[in-house]
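To start, the structure itself, in structure tokens.
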Amino acid sequence: MIGRFNIDSPPIDDSLSQMVESHRAKTGQDYGAILLFGLWGTVDCSAEVRLYAAYRHLESNPEDGPAWLETARVHQEQGETEQAFAILDELERLGTPGLYPNLFSEDPEAHRAAILADSGRLDAALEILDRLRAEHGETPAYHYLVGTILQEQENWTGAVAAYEEAAAALDDFRREAEEEDVIEEMSVDFPAAREFIDARIGEAKREVRFSGDRPMDLSGFRVE
């Protein structure tokens with residue numbers, strides 16, 4: 001177990017460990033940064049390197065909810081869906097420690113739906129989307145997931161509209177936090193979250209130009 005999580009660290013590959021630890025000794029880069037960005041000054045941002053760093057970080061910081069979510073995402077990149085879902089199950093069981101579930105990037109269920117969509121299991125992702133909307137309303141998570149699913153369906157103009165709705169909802173969420181004077185307590189990197197959504201908007205817009213699709217209005221889009 002790692003802290004309160006019924007998750008075990010995977011076996012350590014000695015050659016990988018030596019390479020990462022040698023890099024850390026030379027650069028001072030911490031495990032959390034390697035999880036997010038790979039190895040500074042190199043082109044190595046492989047899932048294997050990031051997972052090694054993830055579990056070393058989590059062993060010392062077991063309540064770091066965002067790091068657990070990123071670890072689940074990297075497992076999914078590796079095709080390890082079972083491990084990704086095991087982490088999400090534990091986050092939900094423990095009450096999402098350190099997370100703010102109304103923020104799109106830190107909702108375990110949003111990550112679960114995104115993983116399902118990435119795996120082509122769109123019906124299951126849509127079921128989660130319905131539940132998120134019923135429980136929380138049309139949060140950034142809701143609109144972001146709509147965009148993810150539409151993108152998987154190659155509905156690029158729809159994805160652009162949905163991601164733009166997610167960006168607007170995220171801005172509203174930030175304004176409300178500032179008005180209630182709770183933004184400092186949240187320790188959420190809103191600019192990074194917005195940058196992430198903007199990157200998805202740009203990606204979808206490039207596909208629109210490539211495919212020749214015309215813009216469309218998704219204001220009435222609903223998942224029934």
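Where helices (runs of 4 or more DSSP H) sit wholly within region 2-119, those with at least 1 residues that are touching a residue at least 12 places away in the same chain (Cβ under 8 Å), over 23 Å from GLY147 (Cα atoms) and open to solvent by less than 50 Å² (accessible area, probe 1.4 Å) occupy 14-27, 31-37, 47-60, 65-77, 81-93.
Quick check on this structure: which one of ALA177, ALA168 is open to solvent by 20 Å² or more (accessible area, probe 1.4 Å) and either under 16 Å from ASP107 (Cα atoms) or small (Gly, Ala, Ser) (or both)?
On the way: ALA177 fails: open to solvent by 20 Å² or more (accessible area, probe 1.4 Å).
Of the residues listed, the single one that is open to solvent by 20 Å² or more (accessible area, probe 1.4 Å) and either under 16 Å from ASP107 (Cα atoms) or small (Gly, Ala, Ser) (or both) is ALA168.
Here's the yes/no breakdown for (1) over 15 Å from ALA114 (Cβ atoms); (2) modelled with pLDDT under 85; (3) surrounded by fewer than 16 Cβ atoms within 10 Å (Cβ to Cβ):
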residue: HIS136; (1), (2), (3): yes, yes, no
residue: GLY158; (1), (2), (3): yes, no, no
residue: GLY202; (1), (2), (3): yes, no, yes
residue: LEU218; (1), (2), (3): yes, yes, no
residue: GLU224; (1), (2), (3): yes, yes, yes
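From the residues in region 138-156 that are over 19 Å from ASP172 (Cβ atoms) and β-branched (Val, Ile, Thr), which one is surrounded by the most Cβ atoms within 10 Å (Cβ to Cβ)?
Here is the first cut: in region 138-156, the ones over 19 Å from ASP172 (Cβ atoms) are 148-156.
Retained after the next criterion (residues that are β-branched (Val, Ile, Thr)): 148-149.
Numbers: THR148: 25, ILE149: 22.
Here the residue is THR148.
The values are calculated or read from the model by the stated rules, or taken from the named source; none is laboratory data. Since this is a predicted model, take the numbers as computed values, not measurements. Virtual Cβ from ideal backbone geometry, glycine too; neighbours counted across all protein chains shown. The area values use the complete protein model at the heavy-atom level, side chains included, leaving out ligands, DNA and RNA. Shrake-Rupley method; radii C 1.70, N 1.55, O 1.52, S 1.80 Å.
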